[in-house]
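A short worksheet on the structure shown next.
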Amino acid sequence: MKARTLCAAGLIMSLSLVGCSDDKGHGTVTMLVYDSFPTKDTPLNEALADFTRDTGIKVRLLTAGDAGTMVTKAVLTSGNPEGDVMWGVDNTLLSAATDGNIFESEPVQVDFGDVCVNYDIAWFAEHELAPPVTLDDLIDPKYADLLVVENPAASSPGLAFMLATIARYGDPAWEQYWADLRANGVEVAESWDIAYYERFSGAAGSEGDRPLVVSYGSSPPAEVIFAVPPRSDAPTGVSEGTCFRQQEFAGVLRGSDHPSEAAQLVEFLTSERFQRELPLTLFVYPVNEDVVLPDVFTQFAVVPADPFTVDPAAIAANREEWQDRWNEIVLR
Amino acid sequence: MAGPVERDRAALTPPNALPRWLVPSVALVPAIALAGLYFLPLATLLTRVIQPSSIGDALRLPGLGGVLWFTLWQALVSTTLTLAIGFVPAYVLARYRFVGRRALLAIVTVPFMLPTVVVGAAFLALLPAEWHGTARAVIVAHVFFNIAVVVRLVGAMWVVLPTDLTAAARTLGASPAQVLLHVVLPLLRPSLWAAATVVFLFTFTSFGAVRLLGGSAHPTLEVEIVRRATQLGDVDGAAVLSILQLLALGAVVWWSARTQRGGALALSGSSESRAARSRRERVGVSVTAVFIAVVMSLPLLVMASRSFRLGNRWTLTAWRTLGDTEVRPGVSLGVDPIASLFTSLRFAVVAASISIVVGGLAALAIATARRYGALLDIGLMLPLGTSAVTVGLGLLITFDTAPFDWRARWWLVPLGHALVAIPFVVRALLPVLRAIPADQRAAAATLGASPARAWMAIDVRRVLRPLIAASGLAAAISLGEFGATTLLSRAGIETMPIAIARLLGRAGELPRAQAFALATMLLVVTAVVIVGVISAAEREGFFSARRS
């Protein structure tokens, strides 16, 4: 109250606005985040509060839309950004971000995870069929009419899975793979939640009838953690040979008003204190090797030994064309 | 100084003409709002991103013709069906008083206000599997979502339709069908056009329903614009397509505004909604009402029931844990449903206030202006037909430097809602204003009122009635708005639709059930707002029109 009065008095005297803003003062760093990043009440937010206590730098979280929208906006406002730090550019968007010259310096990796085919354990047990392991398995007639994927033009796991097939078979041989997948009865959903909850049979409470879905390597532990009543085993498993590695990056934005404080925050984002909260909040893996993973993660999540990847520059250069071709092959 | 000239002009002006300053000063606020919040941002974005090559590049996109064709035909079919089907509840609700009438009105209106993410998921469960991903599913959903527009706009006109006209026709021997065709339909024409225009706009630019139900094989232009801007980072391509969409819609709206203007009829006489009299009538009304209620509430019930299903059992767990920050030791969802409820309510009040002030003034100006009214009318409809992505990105780069650095300001969200709601307010008021008989003003003038005073006493007073209904509509639109809100950057502000989407985006049964619990809360709040507005308005005699 008193500080505000003083500030107001100072404002009248000097007719200057500097330093009087409540939430954008000197000690505040604004971090742009995607929709699913929690803005309060989670251990991740407590970790950020610890950062504020230790450094005196306040962190304001600014939700900018989904990851794609966030990057589009940052490219448009390059040089006069909405915030000081950006959290969560993934490797499929990284090139677009760096080509748009949005970062002050090279962004650092903050977490990783995998997009993989998940299977319904009970369904495969009931039908006495071994769940698929590799991408090749999915075009086997044994697994006809079982898989649901997301449209790569509309969904980020859908895009990741398409990239996995491109990494595995190469360009343009991946097109034949998708023609085969289509012949084998693949179903396309527009979004992850429709695929996972409406079409996939393994998600608890789902009325879907397809026992295979493109989801995350960390979906099984989420099924355990959020089960009602609590359960000790996962209803779903992961086909380890179908995974695409997603990496997320954070960095100081070019044109930030507080570059040194922003750099301190980015450094904190990779610290053990912050990183240890990632698995159970965002369901991704920490990059900091000092972090001890929670039990439910070591038990039920899968980190494939050799996930597929595609060079970010190649993704940026070809994504649109690949999506168009995918559209021709799978949907027309 | 200008004596003789003044006298000459006075001689030329009809004695009942309104003062020249009146219309421009009433139109000032809506015109400034439109210019600053719509045209300026859009122009800024276009000049910033579009290069000479972008237009050709965007227009040569593979499959664009197919996208345009699908967008157009599904919108035409959806609009026609919505009008035909919505006519029935509009009639029953406007003409009859019966037990549960308000509830039925609420049931019919609510789907329109709820975010498609939520109702769409329930809808998907109801439709047969072979319909998934088809144009049929899109059209059925469009009819379901937009029936409210017909009930609202046509119904608003129908309640002021003088019953003595139809009674006279019946007395003269016309069959009910003849009355409908030759008396009622011509009289309702302005509101039918208004409803058709709005439904067409909505279905032409449909995003959520198309994505959820039409599947990937059926993108509309809007879906393509959003994909270009947010997934591919192709902002210039998105901007070009956005302009293309605007041109197409602009043509339709211009044509519809012209048609409406010519078709307006002055109405006077007594109008009444009443209880069904004969037994046949009673049965007819009840059967229709129950049928409408069942069909319209099924998806909503499916949605609500999902909040009580966990572990294949019926349970209240999702509801009980809704406010908990910690669902398991060390695990939090970071979603505060109660806070999001209050945020949504606060925004709804702000958005409704802005929309009734701006929309009310705009409607008065449009109805009173002789020449330029249509321009303002079309102008205010444009934001509805423009992809929220383009306007959102435009705002972001237009107001980004002090003293106009508005980025991430909380009020941008309700302002965005108001931009969507204003055309509805205008649509709801215009047919009523245009139906004011000129002789009422003449009578006021004869009784000694100045033209401006007569205008105040007749036009402004007449607009107060539907204004109350329109404010409820605006509040409800704000409660369910999702698209524009997700595009605006926001600091710690979460409306209910956003909280729901966040819960839906997680794996695990509990967040899923909580999402549906929250959606059920949103449904109830929206229904309460609608019923509240209807009740308040009816207490004042606004809807039953008994004072008419």
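Coordinate-derived values only; no laboratory data. Given the structure is predicted, the values throughout are model-derived calculations rather than measurements. Glycine also receives a Cβ, built like all others from the backbone with ideal geometry; neighbour counts cover every protein chain displayed.
Rg and Dmax of the protein assembly as shown, using alpha carbons, in Å: what are they?
Cα radius of gyration and Dmax of the protein assembly as shown are 29.0, 103 Å respectively.
Suppose we take every Cα in region B:142-192 and form the convex hull; what volume per residue is that in Å³?
73 Å³
Find the centroid of the Cα atoms in region A:47-100 and in region B:209-238, then give the distance between the two in whole Å.
Using only Cα atoms, the two centres lie 24 Å from each other.
In whole Å, what are the extents of region A:26-142 along the principal axes defined by its C-alpha atoms, from largest to smallest?
63, 34, 21
Between Rg and the Kirkwood Rh of region B:272-322, both from Cα atoms, what is the Rg to Rh ratio?
With Rh from the inverse mean 1/r over Cα pairs, Rg/Rh is 1.32.
Determine, for the protein assembly as shown, the count of lysine pairs separated by eight or more sequence positions (or lying on different chains) whose alpha-carbon distance falls under 30 Å.
The result is 9.
Per DSSP H run of at least 4 residues, take -39500 (n - 2.57); add these up for the protein assembly as shown, divide by its residues and hand me the 222 nm value, nearest 500 deg cm²/dmol.
Calculated at 222 nm, the ellipticity per residue is -18500 deg cm²/dmol.
What is the percent of Cα-Cα separations in region B:293-416 that go past 17 Å?
Everything past 17 Å amounts to 77 percent.
When a/c reaches 1.5 or more, the comparison of a/b and b/c decides; with that in mind, is chain B rounded, prolate or oblate per its Cα gyration tensor?
Since a/c reaches 1.5 but b/c is at least a/b, the shape of chain B is classed as oblate.
Using the Cα centre as the reference, give the magnitude of the dipole from point charges on the C-beta atoms of chain A (Lys, Arg: +1; Asp, Glu: -1; all else neutral), rounded to the nearest 20 debye.
For chain A, the charge dipole is close to 1160 debye.
Helix A:67-76 versus the longest principal axis of chain A: what is the Cα-based angle in degrees, 0 to 90, to the nearest 10?
For helix A:67-76, the angle is close to 50 degrees.
Let me see the P(r) profile for region B:55-177: every Cα-Cα distance counted, bins of 5 Å, each bin given as a percent of all pairs.
The distribution over region B:55-177 is 2, 9, 14, 15, 16, 13, 10, 8, 6, 4, 2, 1, 0, given as percents.
Taking H as built 1.01 Å from N, whose amide H comes closer than 5 Å to the amide H of residue A:246, not counting residues under 5 places away?
A:113, A:114, A:115
Once you have a ≥ b ≥ c as the square roots of the Cα gyration tensor eigenvalues for region A:192-332, tell me rounded if a/c is under 1.5, and otherwise prolate or oblate according to whether a/b is larger than b/c.
Judged from the Cα gyration tensor, region A:192-332 comes out oblate (a/c at least 1.5, b/c at or above a/b).
Please give the helix A:173-183 orientation as an angle from the longest Cα principal axis of chain A, in degrees from 0 to 90, rounded to the nearest 10.
60 degrees
Taking the Cα centre of the protein assembly as shown as origin, sum charge times position over the Cβ atoms of Lys and Arg (+1) and Asp and Glu (-1), and report the length of that vector in debye to the nearest 20.
Roughly 6240 debye for the protein assembly as shown.
Quantify how much of the Cα-Cα distance distribution of region A:66-217 extends past 28 Å, in percent.
32 percent
Starting from the 7 Å offset along Cα-to-Cβ, what nm value, one decimal, do you get for the label separation of residue B:460 and residue A:329?
6.8 nm
Taking every alpha carbon pair in region B:316-361, what does the distance histogram look like in 10 angstrom bins from 0, in percent?
Answer for region B:316-361: a P(r) of 24, 32, 20, 16, 8, 1 percent.
In whole Hz, what ³J(HN,Hα) sequence does region B:439-450 give by Karplus (6.51, -1.76, 1.60; θ = phi - 60°), x for Gly and Pro?
Values per residue, Gly and Pro as x: 5, 5, 5, 4, 4, 4, 5, 4, 7, x, 7, 5 Hz.
Using the crude model of +1 on Lys and Arg Cβ and -1 on Asp and Glu Cβ, and no other charge, please compute the dipole size for region B:426-474 relative to its Cα centre, in debye to 20.
For region B:426-474, the charge dipole is close to 80 debye.
Which Cα, out of A:138, A:302, A:274, lies furthest along the positive dipole direction of chain A (beta carbon charges, K/R +1, D/E -1)?
About the Cα centre, the residue reaching furthest to the positive side is A:274.
Can you classify chain A as rounded, prolate or oblate using the Cα gyration tensor, where a ≥ b ≥ c are the square roots of its eigenvalues, rounded means a/c under 1.5, and otherwise it's prolate if a/b beats b/c and oblate if not?
Since a/c reaches 1.5 and a/b is larger than b/c, the shape of chain A is classed as prolate.
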